[in-house]
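Quick notes on the structure that follows.
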Amino acid sequence: MSCNSPQSYLNKAVDVMMENSINKNSIDWVKFKSDVFKRGKDAKNIQETYPAIRFALKQLGDHHSRFWEPGELGRLLSEDQPVPEIKSEWIIGNIGYIQIPGFMGIDSRAQKFAQQIQDKIKELDKNNIQFWIVDLTNNNGGTIMPMLLGIGPLLGEGVAGFLVNSENIYSKWAYSNGIAVHDDSTYQMKLANPYRLRNEIKKLAVIISRKTGSGGEALAVPFKGTKNSCFIGQPTSGASSGTLVYELSDGAVILFANSNFADRNKNIYGIPIQPDITVPFMDEKKSMDKVNTYNGADNHYGNSQLPDVTKKTFRVNSFADRTKEINEAFLCRAKKTAVEWIYKGEKKQGLEPK
């Protein structure tokens with residue numbers, strides 16, 4: 001069998017999964033291979049094996065697997081891609097709010113992203129910040145090291161968490177003086193002029209949602225178990241796992257979980273991260289039913305028959321509009337809850353924000 005044949009190509013992809021999957025010890029590989037090869041047996045070229053590979057990745061059951069055809073991942077990592085904006089806000093008193101979006105990139109873009117996060121932290125800290133809110137609601141993942149490096153001043157020095165493989169071997173990731181490192185020296189990033197906070201953090205709230213996934217969860221986990229921290233919002237997506245990226249012979253790329261995240265206290269995840277304080281999140285489908293109901297009422301009765309508050313709340317043009325509205329409303333509630341948690345008890349201790 002030629003090493004470039006479709007069958008050899010599919011065999012190689014499956015072999016990599018068997019050797020490295022986080023779930024390799026619980027998968028029935030005989031059945032797995034039989035099901036996968038059955039779907040790829042008629043492939044006449046490498047491209048025709050792609051559906052079988054996608055099927056195989058799904059059967060791994062890690063909720064984190066991806067397949068990119070040749071060139072797709074390269075375009076995502078291209079230096080031509082814009083660097084996401086970091087939003088920040090000085091909230092009344094001594095509270096700093098920073099939103100970290102998902103990011104995928106390497107080299108100069110990764111450095112720029114990490115530097116932009118620390119610059120925002122530095123800018124906020126001019127206001128004598130003592131309390132922080134880290135918003136990860138829309139962080140659906142990407143490249144973890146620049147995120148970790150950027151948020152380092154809020155994480156503090158030392159071990160931030162671990163990756164745990166199928167053999168229960170722990171490899172740490174850490175931040176120290178502008179250097180983010182995985183497993184001591186395997187991979188690291190650094191900033192030339194890292195920022196240090198002016199004050200010790202008195203309280204830190206992390207806002208999470210079901211959109212927080214993968215790298216977003218990797219960024220959330222290091223705050224678990226830290227002093228005076230609280231998670232607010234909704235459970236995360238459950239892709240809290242490290243991944244292996246493997247390039248196949250034609251340039252296609254497979255990605256799947258080969259480890260689970262663990263916090264600094266060695267609590268293992270690989271499942272959704274739960275909030276300490278839950279904030280309700282309206283279901284989009286139910287919301288859209290309301291949109292359709294009220295739009296129908298408009299058509300039948302006319303706008304004048306609807307209460308003003310109803311028209312304001314539900315008169316939207318599309319499912320996308322309503323989803324955006326729901327997300328914004330959820331974030332407002334979560335931020336309000338975070339501020340209330342931060343202020344709770346401060347006056348009794350004489351620590352109320354000045």
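Among residues belonging to the stretch 154-197 that are farther than 25 Å from Asn228 by Cα and aromatic (Phe, Trp, Tyr), point out the one that is surrounded by the most Cβ atoms within 10 Å (Cβ to Cβ). Please lay out each step first, then the result.
So in the stretch 154-197, the residues farther than 25 Å from Asn228 by Cα come out as 164-171, 182-193.
When the remaining residues are screened for being aromatic (Phe, Trp, Tyr), the result is 170, 187.
Details: Tyr170: 14, Tyr187: 11.
Within the stretch 154-197, the match that is surrounded by the most Cβ atoms within 10 Å (Cβ to Cβ) is Tyr170.
This table checks each residue for (1) modelled with pLDDT under 95; (2) polar (S, T, N, Q).
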| site | (1), (2) |
| --- | --- |
| Ser166 | yes, yes |
| Ile179 | yes, no |
| His182 | yes, no |
| Ser185 | yes, yes |
| Leu197 | no, no |
| Ile207 | no, no |
| Gly215 | yes, no |
| Pro222 | yes, no |
| Cys230 | no, no |
(request) Could you list, in sequence order, all residues of the stretch 1-34 that are without any contact (Cβ under 8 Å) to a residue 60 or more places away in the chain and touching a helix residue (DSSP H, G or I) at 6+ places or on another chain (Cβ under 7 Å)? (result) Met1, Ser2, Pro6, Leu10, Val14, Met18, Trp29, Phe32, Lys33
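Go through the stretch 334-354 and report how many residues are assigned to a helix (DSSP H, G or I), buried (at least 17 other Cβ atoms within 10 Å of the Cβ) and either modelled with pLDDT under 60 or not polar (S, T, N, Q) (or both). Please lay out each step first, then the result.
At the first step, the residues of the stretch 334-354 found to be assigned to a helix (DSSP H, G or I) are 334-343.
With buried (at least 17 other Cβ atoms within 10 Å of the Cβ) added as a condition, the list becomes 334-335, 337-339, 341-343.
Subsequent filtering for residues that are either modelled with pLDDT under 60 or not polar (S, T, N, Q) (or both) retains 334-335, 338-339, 341-343.
Residues that pass the stated criteria total 7.
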(request) For the stretch 232-252, name all the residues that are farther than 27 Å from Thr337 by Cα, buried (at least 18 other Cβ atoms within 10 Å of the Cβ) and either assigned by TED's automatic domain parsing to the domain that holds Asn23 or modelled with pLDDT of 95 or more (or both). (result) Leu248, Ala252
(message) Here is a check on your reading of the model: is Tyr269 closer than 28 Å to His64 by Cα and modelled with pLDDT of 95 or more?
(response) no
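Taking the stated definitions as given, is Ile129 crowded, with 21+ Cβ neighbours inside 10 Å, in contact with a strand residue (DSSP E or B) (Cβ under 7 Å, 6 or more places away or on another chain), on the phi < 0 side of the Ramachandran plot and assigned to a strand (DSSP E or B)? First the steps, then the outcome.
Working: crowded, with 21+ Cβ neighbours inside 10 Å: yes; in contact with a strand residue (DSSP E or B) (Cβ under 7 Å, 6 or more places away or on another chain): yes; on the phi < 0 side of the Ramachandran plot: yes; assigned to a strand (DSSP E or B): no.
So Ile129 fails the test.
Here's a check for you: in the stretch 172-193, which residue that is of a type in the set (A, V, I, L, M) and part of a loop (DSSP other than H, G, I, E, B) is nearest to the chain's Cα centre (by Cα)?
At the first step, the residues of the stretch 172-193 found to be of a type in the set (A, V, I, L, M) are 174, 179-181, 189, 191-192.
Now restrict to residues that are part of a loop (DSSP other than H, G, I, E, B): 191-192.
Values: Leu191: 22, Ala192: 26 Å.
Out of the qualifying residues, it is Leu191.
Just one of Ile208, Ile179, Ile151 is touching a Lys or Arg at 6+ places or on another chain (Cβ under 8 Å), of a type in the set (Val, Ile, Thr) and assigned by TED's automatic domain parsing to the domain that holds Pro272; which is it? Break it down stepwise before answering.
Values: Ile208 fails: touching a Lys or Arg at 6+ places or on another chain (Cβ under 8 Å); Ile151 fails: touching a Lys or Arg at 6+ places or on another chain (Cβ under 8 Å).
Sole residue among the options that is touching a Lys or Arg at 6+ places or on another chain (Cβ under 8 Å), of a type in the set (Val, Ile, Thr) and assigned by TED's automatic domain parsing to the domain that holds Pro272: Ile179.
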(message) Within the stretch 116-126, take every residue that is among the charged types (D, E, K, R) and outside any loop (DSSP other than H, G, I, E, B) and give me the one that is nearest to Lys202 (Cα to Cα).
(response) Asp125
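The values are calculated or read from the model by the stated rules, or taken from the named source; none is laboratory data. This one's a predicted model, so the numbers in the text were calculated from it and none came from an experiment. Note that each Cβ is placed from the backbone with ideal geometry, even for glycine, and that neighbours are counted across all protein chains shown.
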